[in-house]
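Encoded as structure tokens, the structure appears first; notes follow it.
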Amino acid sequence: MSRYAATLIAATLSVTLAGCRVGPNYVRPEFETDAAWAGSGEALFNQATPETIETWWLELGDPVLTGLIEEAFESNLDLATAFQNVRRFAALRGRAVAELFPDIDGTGSYNWERAGANGFPQTPNAESFETASIGGVFGWELDVWGRIGRLVESADADLAASVEDLRDVRVLIAAQVATDYVRLRTAQARREIAERNIEIQSQSLELTQVRANEGAAPRLDVAQAETNLATTQAELPSIDAEIRDSLLSLAVLLGKNPTALLDELAEPTPIPMPPTEISVGIPVDVIRRRPDVRSAERVLAAETARIGVETADLLPRFVLSGSFQYSAADGRTLFESNSYGFGFGPSFNWNLFNAGGERADIRAQEAAAEIAFIGYRASVLDAIQEVESSLYRHARQVEQTEALARASTAAAESAELSKELYLEGRTDFQNVLDSERQLFAAEDGLIQSQSDVTTTYIVLQRSLGGGWSPSPRDAESSDERSD
């Protein structure tokens, strides 16, 4: 190898090791947030860091629900898909890292020929001969401008985004299982209320029939009592359909046959209720924690790195290539020293003109990065909006439930008093009917409102990004991106 070639290789390697990367260096964008949630002034919220947010469902105190969520984490198909997506991006990152290293290919051949006497050139006597060779070739792109480095950088960010997407699916699955479970228990409770009111209204119907037979009440009272009873009974089919839909949905969330839980969860249990005081932290904590926001930030980092990849295509690519080979006309002498040969040296390729195609690619990638930036910003705003909305809705739902509890108590007392007055002949049956309708509506409304309290709590925990456990590496990575 000439002194000039050696100098060129040394110079190229020194530039490579210097890490000259074209394109913008990524800086995590920062957005100002309020110091506290506008809706956190309610008595049932506090700004302490929620210690149980990783397993917020434990606060509901329902072992069955806990078991269902844990089972969903093991067998949910959406989670399985997200996990395979992480594996895919991990493999793609490995492929990008591989470009930092030389490609080495082994070669070999053996050929035996016999030349015909009438061939060209003509040979007086037909002869046979053989050739054999074995060796290898290698090529190594020297990452002078950081093209491959930016590829690895973007692959790292893509992989991190896929991990955050997996976590986001976990957050959503926990919330969905809890929501469907509450829906099931609510429907079962509503059925019990309907059955209890059907019993009350059946007694009223029997009472009017007796009084009508005795001539103490008109037949109109019987007809009205029958109407009231039938109207309540008509609620049962839709409630039963809600129970079945909830059971089918829960089974699918657990990766099971839709009918797998029909018997297992058929026995009613109370609706799980959230704690009376909830820690919600501060806005900046949610921005750092929510997987969808973290994923959007990593997507932005990946798209920014790809600008450098496209920019590097404007510049020459330097390759160090070479080969070594044993070759001989006689296989028996293949590995003798005189059969060995080699060669290596640098080369470059530079696209000097393509009608502005590369610059167009750069502009397109810059636009892609800008779209990712807008997406990240939107995810931050959406996260803040969802938490604020969830805080307000949960607080108002608690107030509504308290009012409906009072209404339900009063309705039960009214129904009892109206029936006593009717038996004493001091009021007509219309008051009994009205009070019984109000009782059913109040009790049914109360149970649905209690369900909504738990549902809004679930939505709040989902909006806070609860349901996954950060590792120390996550914390370090978050601190680095915040610098």
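Of everything in the stretch 170-204 that's crowded, with 21+ Cβ neighbours inside 10 Å and over 25 Å from residue 270 (Cβ atoms), which residue is farthest from the chain's Cα centre (by Cα)?
So the residue we want is 204.
A quick yes/no check of all residues on (1) within 30 Å of residue 25 (Cβ to Cβ); (2) modelled with pLDDT of 95 or more; (3) not hydrophobic (A, V, I, L, M, F, W, C):
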| site | (1), (2), (3) |
| --- | --- |
| 394 | no, yes, yes |
| 406 | no, yes, yes |
| 418 | no, no, yes |
| 432 | no, no, no |
| 463 | no, yes, yes |
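For the stretch 183-233, name all the residues that are part of a helix (DSSP H, G or I), in contact (Cβ under 8 Å) with a residue 60 or more places away in the chain, over 30 Å from residue 65 (Cα atoms) and touching a helix residue (DSSP H, G or I) at 6+ places or on another chain (Cβ under 7 Å).
Passing the criteria: 200, 201, 204, 208, 221, 224, 225, 228, 232.
Considering each of 262, 207 in turn, give the residue that is of a type in the set (A, V, I, L, M, F, W, C), farther than 30 Å from residue 374 by Cβ, open to solvent by 30 Å² or more (accessible area, probe 1.4 Å) and over 48 Å from the mean Cα position of the chain (by Cα).
207
Residue by residue through the stretch 255-266, note down the ones that are closer than 13 Å to residue 184 by Cβ and touching a helix residue (DSSP H, G or I) at 6+ places or on another chain (Cβ under 7 Å).
261, 262, 265
Matching residues to (1) assigned to a helix (DSSP H, G or I); (2) open to solvent by 40 Å² or more (accessible area, probe 1.4 Å):
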| residue | (1), (2) |
| --- | --- |
| 297 | yes, no |
| 302 | yes, no |
| 310 | yes, yes |
| 314 | no, yes |
| 319 | no, yes |
| 322 | no, no |
| 327 | no, yes |
| 335 | no, yes |
| 338 | yes, yes |
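Check residue 437 against each of (1) assigned to a helix (DSSP H, G or I); (2) in contact (Cβ under 8 Å) with a residue 60 or more places away in the chain; (3) surrounded by 18 or more Cβ atoms within 10 Å (Cβ to Cβ) and name the one condition it does not meet.
Of (1) assigned to a helix (DSSP H, G or I); (2) in contact (Cβ under 8 Å) with a residue 60 or more places away in the chain; (3) surrounded by 18 or more Cβ atoms within 10 Å (Cβ to Cβ), only one is false for residue 437: (3).
Condition check ((1) more than 21 Å from residue 417 (Cα to Cα); (2) at pLDDT 95 or above) across all residues:
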site	(1), (2)
207	no, no
215	yes, no
224	no, no
233	yes, yes
248	yes, yes
255	yes, yes
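For the stretch 35-52, give me each residue that is acidic (Asp, Glu) and surrounded by 12 or more Cβ atoms within 10 Å (Cβ to Cβ).
Filtering the stretch 35-52 down to residues acidic (Asp, Glu) leaves 42, 51.
Correct list: 42 only.
Quickly run through the stretch 136-169 and pick out the residues that are buried (at least 22 other Cβ atoms within 10 Å of the Cβ), modelled with pLDDT under 95 and of a type in the set (Asp, Glu).
143
The values are calculated or read from the model by the stated rules, or taken from the named source; none is laboratory data. Note that this is a predicted model, so its numbers are computed, not measured. Note: ideal-geometry Cβ built from the backbone for every residue, glycine included; neighbour counts use all protein chains shown. With ligands, DNA and RNA removed, areas are computed over all heavy atoms of the protein, side chains included. Shrake-Rupley method; radii C 1.70, N 1.55, O 1.52, S 1.80 Å.
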